[in-house]
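Right, one structure below, let's go through it.
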Amino acid sequence: MGRKLLLTHDHVEGIQGYTAYRANGGYRSVEKALKKMTPDEVVEEVKKSGLRGRGGAGFPTGMKWSFLAKPDGVPRYLVCNADESEPGTFKDRYLMERIPHILIEGMITSSYALGANTSYIYIRGEYFYVARILENAIAEAYANGWLGKNILGTGYNLDLYVQVGGGAYICGEETALLESLEGKRGNPRIKPPFPAVAGLYGCPTVVNNVETIAAVVPIVNDGGDEYAKIGIGRSTGTKLISASGNINKPGVYEIELGVPVEEFIFSDEYCGGIANGKRMKACVPGGSSVPILPDYLVCKTAAGEDRLMTYESLSDGGFVSGSMLGSGGFIVYDEHQCIVRNTWNFSRFYHHESCGQCSPCREGTGWMERVLHRLEKGEGNMSDIDLLVDVAKKIEGNTICPLGDAAAWPVAAAIRHFRHEFEYHVLHPDKIKDPKHGHREPIMPVKPEPVTA
Amino acid sequence: MSLLKVTIDGKTIEVEPGKTILQAARQIGPDVAPPAMCYYTKLKTSGGYCRTCLVKVTKGSEKDPRPMPKLVASCRTTVMDGMEVQNYSSDEVVEARKGVVEFLLINHPLDCPICDQAGECHLQDLSYENGRSKSRYEFKRRTFEKIDIGEKIQLHMTRCILCYRCVKVADQLTPGRVHGVINRGEVAEISTYIQNAVDNEFSGNMIDVCPVGALTDKTFRFKSRVWFLKPVDAHRDCDQCSGKAVVWKYGNEIYRVTGRKDQWGEVDEWICNTCRFEKKSPSDWVEEGPRKINRHSVIAQNHYGSKTRFVASPESLPQKQLS
């Protein structure tokens, strides 16, 4: 049984409310930080913990915090990114729904560390009911003296607000989020300047994911060193994984980083194996924007080593034979699923969510979606497959924000590993007309023959 | 302040701190300057959207020589001392730019034969230099519901490449912007949202900054192709603007008035709507002389004694030239 740091008390009765949360050791980190530590000491603990951003990019949080510019007389802001919209990711929602106070506590401790006196939680529009939960939790925190003026008599002031977004995936990109928070159109900004220098209202700002901020709580409580003991190498601590797809037990799991992927999928502690006794066909380990892996690369790397649930191991092999941990949206496909249809579905999402600011993404996402739709319907031709690869290549890396990459990677990876399935769609339009064609004739990934020297 | 040294395509220049790669490249000359569709020197925060000016930074600076991991928009990346940049000398850049041009064209109507911008259209030049001869896009091109934005300016949304220049003109030049970009992604469009006329004394500059034929002059609409007209520098006393403009003449008649554009297609000085739309009589203007036009421009084909060139079929060319 792996250690849990965030979801330790998630099944305690009434943990949503302040009383139960406090009774189970809640707000200890605020007491400890504000009374016994300086802000820099808190940052130091976070650095020591090796915590990496849980939103997808995996950037070391302590380092991000230490980049924050601190000019005199200019306010600093901490913004929590709760605009969780990546298909396949729902861990933040679960955390905020079940234990809203851990986010509030993390926000207070982190704001103290960064010297922010006003902090925001930007939550996606579709989570409106979660925003209500958070607002209740904030009201309880104010009522019990954890927010407001002169917290715990230390002279530290903090106001915390929840802002609901309009429901756009792009507003999860940190600069688009800041634009939206300022009341403007949610277009990503051109970097530099980075938010650490000029973010919200032109002031230095740190934007962190919900899970990252929640993880500050155990780090401050137990110390960064203790946190760093969990995990392997540069992947320390625990991570929430949103497991979905054709598995026996979909849900949100807190894992210690370093758990073998095989154990995660097949052990009863986690996903409990593939549903209905089928075979696994593919896996998207980190949310819709990371490259898809065929069955033979899910549990083992190309070199034949066990693949682990860490940032490094999942990306082993680069984009040729690896993927990314991303935001932890773990989607498993069984042998009956159609990868072409799945890729089209992802592509449709990115087409719909592109902000339209820069041309490769605005035009390219729609183009890819249309070609994929044509292939999916059995109306494509062989040259479409190479066209998709080329269009994906021309979007990737050439856009303002990472949405272009996120749209291009899944398409490129699906064709890289499942080209035969795309070809099947071109060659057998009669067979694939039925969306459930995979049930009659499963198409499994083809492992390339090892090249012998 | 000490000058910063930057090398672009092997050519070195020293520029003031704060200059962007694009500005430095323009200082070196047109041989190394990347094309720009959305950047406009006179408009703050413009640039970064169209991605045609992407370049490769092979050396970040003298202090930190690491190359930049991705291609960068040269219009929004400031020069560091000792920076080395590849533009036309990098295949990666050329390839990426071709991709961007293709993206810009897939939904463009290519209605140049009936477009007033033809002949002075940046997208025409760009696709002539970087585009394919055939489109790979086989789907219906997008269309928009037509909206009327007033009696002086014609909006053709299908031709728009969303460079945001006109939005910035309205933001920075006129009080109270009434138009902007609505909707998102592929269906994002320039619009006034609630039917509203774009009406103020400097709105006409939106026409000058538009790199394509999305915003054209209604008072000049379908009057003439630009290359049949003779551009003449002229000025008048104006209490609102500098009054320095170009009048486009056919014989003795003034067909239209525009701002004076430099080598990069950017106006030197903004002009007001009175000068642009109302003053079309030769007596309104003091002529300074014919405007210098790049001899490669189609506008230069019709006058100043340049010889008419006929397009030859390959068979009719001397064999020497072919080999």
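All conditions but one from (1) among the acidic types (Asp, Glu); (2) more than 22 Å from residue B:274 (Cβ to Cβ); (3) not in a loop (DSSP other than H, G, I, E, B) apply to residue B:138; the one that does not is (3). If you go through segment A:368-383 and keep only what is more than 8 Å from chain B (Cβ to nearest Cβ), part of a helix (DSSP H, G or I) and either open to solvent by 20 Å² or more (accessible area, probe 1.4 Å) or farther than 23 Å from residue A:319 by Cβ (or both), you end up with A:369, A:373, A:374, A:376, A:382, A:383. When we screen B:239, B:233, B:268, B:284 for residues that are free of Cβ contacts under 8 Å to residues at least 24 places away in the same chain and not assigned by TED's automatic domain parsing to the domain that holds residue B:198, the only hit is B:239. Screening B:41, B:7, B:12 for residues that are in a loop (DSSP other than H, G, I, E, B) and among the polar types (S, T, N, Q) leaves exactly one candidate, B:41.
The residues of segment A:384-395 that are more than 9 Å from chain B (Cβ to nearest Cβ) and open to solvent by 20 Å² or more (accessible area, probe 1.4 Å), listed by number, are A:386, A:389.
Yes or no: segment B:78-91 includes at least one residue that is at positive phi, open to solvent by less than 20 Å² (accessible area, probe 1.4 Å), away from chain A (no Cβ under 14 Å) and more than 23 Å from the chain's Cα centre (by Cα). Yes, because at least one residue in segment B:78-91 is at positive phi, open to solvent by less than 20 Å² (accessible area, probe 1.4 Å), away from chain A (no Cβ under 14 Å) and more than 23 Å from the chain's Cα centre (by Cα). Checked against (1) assigned to a loop (DSSP other than H, G, I, E, B); (2) without any contact (Cβ under 8 Å) to a residue 24 or more places away in the chain; (3) surrounded by 14 or more Cβ atoms within 10 Å (Cβ to Cβ); (4) more than 14 Å from chain B (Cβ to nearest Cβ), residue A:449 meets all criteria but (3). Being more than 19 Å from residue A:419 (Cβ to Cβ) and either within 14 Å of chain B (Cβ to nearest Cβ) or open to solvent by less than 40 Å² (accessible area, probe 1.4 Å) (or both) is true of residue A:364.
Take the residues in segment B:192-207 that are touching a strand residue (DSSP E or B) at 6+ places or on another chain (Cβ under 7 Å) and open to solvent by 10 Å² or more (accessible area, probe 1.4 Å); name whichever of them is modelled with the highest pLDDT. Filtering segment B:192-207 for residues that are touching a strand residue (DSSP E or B) at 6+ places or on another chain (Cβ under 7 Å) and open to solvent by 10 Å² or more (accessible area, probe 1.4 Å), the one modelled with the highest pLDDT comes out as B:207. Only one of the listed residues (B:48, B:119) is assigned to a loop (DSSP other than H, G, I, E, B), touching a residue at least 12 places away in the same chain (Cβ under 8 Å), within 11 Å of chain A (Cβ to nearest Cβ) and on the phi > 0 side of the Ramachandran plot. That residue is B:48.
Which ones in segment A:320-356 are within 14 Å of chain B (Cβ to nearest Cβ) and open to solvent by 10 Å² or more (accessible area, probe 1.4 Å)? Listed by number, the residues that qualify are A:348, A:349, A:351, A:352, A:353, A:355. Quickly run through segment B:92-112 and pick out the residues that are in a loop (DSSP other than H, G, I, E, B) and either within 8 Å of chain A (Cβ to nearest Cβ) or among the small types (Gly, Ala, Ser) (or both). Scanning segment B:92-112 gives a single hit, B:107.
Of the residues that make up segment B:239-259, is at least one outside any strand (DSSP E or B), surrounded by 15 or more Cβ atoms within 10 Å (Cβ to Cβ) and of a type in the set (A, V, I, L, M, F, W, C)? Yes, there is a match, as at least one residue in segment B:239-259 is outside any strand (DSSP E or B), surrounded by 15 or more Cβ atoms within 10 Å (Cβ to Cβ) and of a type in the set (A, V, I, L, M, F, W, C). Anything in segment A:175-186 that is at pLDDT below 95 and either in contact with a Cys (Cβ under 9 Å, 6 or more places away or on another chain) or surrounded by 13 or more Cβ atoms within 10 Å (Cβ to Cβ) (or both)? List them, or say none. Those that are at pLDDT below 95 and either in contact with a Cys (Cβ under 9 Å, 6 or more places away or on another chain) or surrounded by 13 or more Cβ atoms within 10 Å (Cβ to Cβ) (or both): A:185, A:186.
Look through A:58, A:88 and report the one residue that is out of contact with any Asp or Glu (no Cβ under 9 Å at 6 or more places or on another chain), open to solvent by 10 Å² or more (accessible area, probe 1.4 Å) and on the phi > 0 side of the Ramachandran plot. One residue alone meets the criteria, A:88. When residues in segment B:175-213 are screened for being part of a loop (DSSP other than H, G, I, E, B) and away from every other protein chain (no Cβ under 14 Å), 17 of them pass. Of everything in segment A:201-250, what is open to solvent by less than 10 Å² (accessible area, probe 1.4 Å), closer than 14 Å to residue A:29 by Cβ and small (Gly, Ala, Ser)? Give them in sequence order. Residues satisfying the conditions are A:214, A:215, A:224. Screening residue B:141 with (1) more than 8 Å from chain A (Cβ to nearest Cβ); (2) buried (at least 16 other Cβ atoms within 10 Å of the Cβ); (3) touching a residue at least 12 places away in the same chain (Cβ under 8 Å) gives one miss only, at (2).
The values are calculated or read from the model by the stated rules, or taken from the named source; none is laboratory data. All values reported here derive from a predicted model rather than from experimental measurement. Every residue, glycine among them, receives a Cβ derived from its backbone with ideal geometry; neighbour counts consider all protein chains shown. Surface areas here come from the heavy atoms of the whole protein model, side chains and all, with no ligands, DNA or RNA. Shrake-Rupley method; radii C 1.70, N 1.55, O 1.52, S 1.80 Å.
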